[in-house]
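Participant: One structure, as structure tokens, below. Some questions next.
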């Protein structure tokens, strides 16, 4: 009886993971990115203690978890239809703008982070972890896009890669 449930479970997972679920995951990632952007943008200046970095670290950890969750959702998804691919393209374009803005904010805040000796190295580590997770998420999503649209999908992701590379280089 258990053997008969396995294909049913896989079918239900494929049905539940669709363009809508990938778009929802992107929305969650975008919200986490915006929260991190706000935290970075309002990071205090001057004499700071380690406790001042906790909201920054928490938001960064949440973002990383949301990206990894999105990867699992994308991997479990059935191949996207052309209309779903356009839905994902729109979500990707919006997310790319949010990511670029946030990474610019992270670059602009480096002097504040340097005030606490351990923050900038942690930011660099988080940037590398988030880029790696983003690359995996992007690859999982692109793999679900119809072959004819994969080049376009990759071009929509390129600004995110560039923004991460620039921010990582800035902190190196």
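Participant: Starting from the Cα of residue 94, step 7 Å along the direction of its Cβ; do the same at residue 117; then give the gap between the two resulting points in nm.
Facilitator: The answer from the label model is 4.5 nm.
Participant: Going by alpha carbons, how many degrees (0 to 90, nearest 10) lie between the helix axis of 2-16 and the longest principal axis of the chain?
Facilitator: Result, in degrees: 60.
Participant: Give the label of the value calculated from the structure for mean projected area of the Cα convex hull in nm², choosing from (1) 11.0; (2) 14.2; (3) 10.5.
Facilitator: Given (1) 11.0; (2) 14.2; (3) 10.5, the calculated one carries the label (1).
Participant: Compare 49, 27, 41 in a GNM of the chain, Cα atoms joined below 10 Å, and give the one with the largest fluctuation.
Facilitator: Evaluated over the chain, the most mobile residue of the options is 49.
Participant: Using only DSSP helix segments of four residues or longer, with each worth -39500 (n - 2.57), what per-residue ellipticity at 222 nm results for the chain after dividing by its residue count and rounding to 500?
Facilitator: Taken over the chain, the calculation gives -28000 deg cm²/dmol.
Participant: Label-point separation (nm) for residue 61 and residue 38, each offset 7 Å from Cα along Cα-to-Cβ?
Facilitator: A separation of 2.0 nm, rounded to one decimal place.
Rule-based calculations on the coordinates, nothing more; no lab input. This one's a predicted model, so the numbers in the text were calculated from it and none came from an experiment. Every residue, glycine among them, receives a Cβ derived from its backbone with ideal geometry; neighbour counts consider all protein chains shown.
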